[in-house]
1. Given all pairs of different Cα atoms, what value in angstroms does the Kirkwood hydrodynamic radius of the chain take?
2. Over the chain, with a Gaussian network built from C-alpha contacts below 10 Å, which listed residue (77, 129, 24) shows the highest mean-square fluctuation?
3. Which Rg and Dmax, in Å, describe the Cα atoms of region 58-124?
4. With an 8 Å cut-off on Cα pairs and a minimum separation of 6 or more residues, tell me the relative contact order of region 1-127 in percent.
5. Name the most mobile residue of 36, 131, 26, meaning the one with the largest mean-square fluctuation, in a Gaussian network model of the chain with Cα contacts below 10 Å.
6. In degrees between 0 and 90, to the nearest 10, how far off the longest principal axis of the chain does helix 89-108 point, with axes built from Cα atoms?
7. So how far, in whole Å, is the C-alpha centre of region 125-156 from the one of region 42-108?
8. Using only Cα atoms and rounding to the nearest 10 degrees, what angle (0 to 90) does helix 140-151 make with the longest principal axis of the chain?
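Bear in mind that the values in this text are calculations on the coordinates, not laboratory data. These figures come from a predicted structure and were not determined experimentally.
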């Protein structure tokens with residue numbers, strides 16, 4: 001996997017960072033770097049660390065939550081995506097980024113894309129990524145992720 005600091009930088013690029021709670025485009029209460037508080041509520045440990053978030057959190061708190069989300073999603077990807085271990089670091093990042101946006105359940109719906117990755121058909125995987133509601137919803141982010149799937153390089 002690529003360096004955690006680089007993952008953080010890229011996810012902030014794609015998600016932004018908002019230190020006060022807001023409703024995302026799907027209407028979910030969200031804070032920090034895309035932390036959906038409804039589908040992914042704060043753990044007891046996170047709540048104790050952050051305290052009352054209702055009036056906002058610090059940048060450090062947002063990064064703390066993001067690090068926890070990254071660890072959780074890497075673990076979920078490792079457990080649920082059969083080709084994960086065979087992928088290079090950049091393609092793993094691409095899947096992690098998609099899981100961050102869609103949740104692991106949403107990512108697993110990309111059956112054709114995941115199959116293409118499993119057989120090394122990176123162009124086919126990129127095509128499947130772009131041929132989706134996800135791509136229509138996130139625009140340039142999906143273009144970057146598809147490019148990473150196809151070439152093994154993340155470029156802004």
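1. 16.0 Å
2. Result for the chain, Cα springs under 10 Å: 24 fluctuates most.
3. 12.8, 43
4. 21 percent
5. 26
6. On a 0 to 90 degree scale, this one is about 70.
7. What the calculation gives is 19 Å, centre to centre.
8. The helix 140-151 is inclined about 40 degrees to the chain.
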